[in-house]
Amino acid sequence: MSRGKLIALVVGFGLLVGAVLGGVTAALVLRDGGSDEAGGDGGSGGGGAAGEAPDAALQGFYDQDIDWSDCEDDDAYECGWLEVPLDYQEPDGETIELRLRREPAAEPDERIASLVTNPGGPGASGADFVTYAPFSSALKDRFDIVGFDPRGTGESSPIDCLSDEELDEYMAYSADPETPEGQAGTIEWQERFGAGCEELSGDLVNHVSTVETARDMDVLRAALGDEDLHYVGFSYGTTLGAVYATYFPERSQRLVLDGATDPSLDRVDGSISQIAGFEVAWDNFAADCQSLPGCPLGSTPDEASQIIDGFFDELLAQPIATSDPDRPLTAALAQTGVQAALYSEDYWPILTQAIDDGLSGDGTYLLLLADSYADRAEDGTYNSNLMEAFYAISCLDDPTSLGPDEAEQYADDFAEASPTFGQGGEIGLGWCSGYTGRQAEEPREVTGEGAAPIVVIGTTGDPATPYEEAVAMADELESGVLLTREGEGHTAYGSGNSCIDDTVDAFLLEGEVPEDGTTC
């Protein structure tokens, strides 16, 4: 491709699409006009086999009762808090509280257990997710649907790194990494983000790892009164589920991991894998656009590439106006907006209109897409700490960081994986250079050895967690069973594929394990 390289500091979330693009549709519409009865007895206390802690020093946490009450924002749900140690290596030390929300089973006499869920990120609110999770009525009849804000996210001791104004600057920052100014500016932002986390969040920077969240999830299981965990994790939530199965295989009963990641990938290979996934999604979107009248991307794959490359080039030289005179559309914001809409085929018409507007000099709706991706509200505040939690958890899980000279060796790999989004992507390999947090314990290799069958789902056209990663996770988990959805978009369950939905429901409700390699 001919366009100049672009530094975009924002990378792709592993996040369920409903949590990515919450208010975009409404805004654009306005513009256009085990055993079948496995689990506990429904109580909220620990005790018995369900409440036995893996370490006697943790028993008090496992024995706690959750004080459920009607949620203030919607009495159809119950809210509560779970106390866990900040540092599992020091269980008698400081504690934190995790926010919980549950939707009680509609048929309590037929209740199986709690179904714990996580929408991904890392950094998304699991408590809020309960209100829009795509679970079928059959599951809601027989499971309490339970979500929690993982440590460092939402209202569970949220990590803080930058002010809202600084986050705006961070999101908009664009530069050419082939220039000394571009490299220096990027390094400055990487250091600034990390220093902000340490300054504003203190020791929390060392204790928001996926391993610790998996340990929290076992405390939650016990406090819910369930002997085994039933769980559905989406996107990054699959990483969390796989880690849980590795640390607590004997408690892992029916786990579904949808939009699966490959936990074995390092920073370099993981970044290249994801950017390649976005390229596949872009190609599929462009082909669909060109099959319809009025497509702004020409009529051939080469034309689509040339048009979007040229657009990003022009924005790098000169941002365009939006409805907010103080926030022009930069190249990085445009790229983020495009990638956000690639999470679901449902958003392709929105993306077509947003690109058409952008090519005509109006960046309003690409900016709206980028803002929704970052959970930014119209008034300039951020609805959550999604951006900061994503950064902190990711960098604590893998603090690998490469300087510009080291990263340069991967420039061709990024450009080859994604001609549309990959050029300059190698600079993102230094993303964690400023993060000072380090895990309290060495993470284990993810194998899930000893766990019951785990259903791992991949979608062939998934942009954020490419299908190949689901294949790898199913292979790496000792009891992994691969279920494939042929289609577009991020994650599979609740996407309109009845084969996927029925297979998952049968597994969760009846323990029917699909044949490995089943395709829907």
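Derivation of every value follows stated rules applied to the coordinates shown; laboratory data play no part. None of the values given here were measured: they were computed from a predicted structure. Methodologically, a virtual Cβ is constructed for each residue, glycine included, from the backbone with ideal geometry; neighbour enumeration extends over all protein chains shown.
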Item to check | Sites matching trypsin sites (Lys or Arg not before Pro) across region 94-193 that sit in DSSP coil, with at most 13 neighbouring C-beta atoms within 10 Å | outcome: none
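Quick check: net charge around G517, other residues with Cβ under 15 Å of its Cβ, Lys/Arg +1 and Asp/Glu -1? Please report the intermediate quantities before stating the final value.
Details: positive: R485; negative: E468, D475, E486, E515, D516.
Within the 15 Å Cβ shell, the charges total -4.
Run through the DSSP bridge list for the chain and note the antiparallel percent, rounded to the nearest 5.
Taking every DSSP beta bridge within the chain, about 40 percent pair in antiparallel fashion.
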Item to check | Cleavage-rule hits, chymotrypsin sites (Phe, Trp or Tyr not before Pro), region 164-219, DSSP coil, Cβ neighbours within 10 Å at most 12 | outcome: none
Checklist entry - Separation of region 219-245 and region 345-383 by C-alpha centroid, Å? => result 34 Å
Checklist outcome for this item: Lys and Arg at +1, Asp and Glu at -1: neighbours of F143 with Cβ under 11 Å from its Cβ sum to -2
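Let me make sure I get this right: for region 43-172, a, b and c are the square roots of the gyration tensor eigenvalues over alpha carbons, sorted descending. Under 1.5 in a/c it's rounded, otherwise prolate if a/b > b/c, else oblate. Which is it? Before the final figure, lay out the partial values.
Numbers: a/c = 2.31, a/b = 1.16, b/c = 1.98.
Oblate, since a/c reaches 1.5 and b/c is not below a/b.
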Item to check | Distance between modelled label sites at D266 and D74, nm, 7 Å Cα→Cβ extension | outcome: 4.4 nm
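Which semi-axis lengths, in whole Å and largest first, follow from the square roots of five times the eigenvalues of the Cα gyration tensor of the chain?
On the way: eigenvalues 278, 128, 90 Å².
Values for the chain, descending: 37, 25, 21 Å.
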Checklist entry - Mean residue ellipticity at 222 nm from the helices of the chain, using -39,500 (n - 2.57) per DSSP H segment of n ≥ 4 over the full residue count, to the nearest 500 deg cm²/dmol? => result -12000 deg cm²/dmol
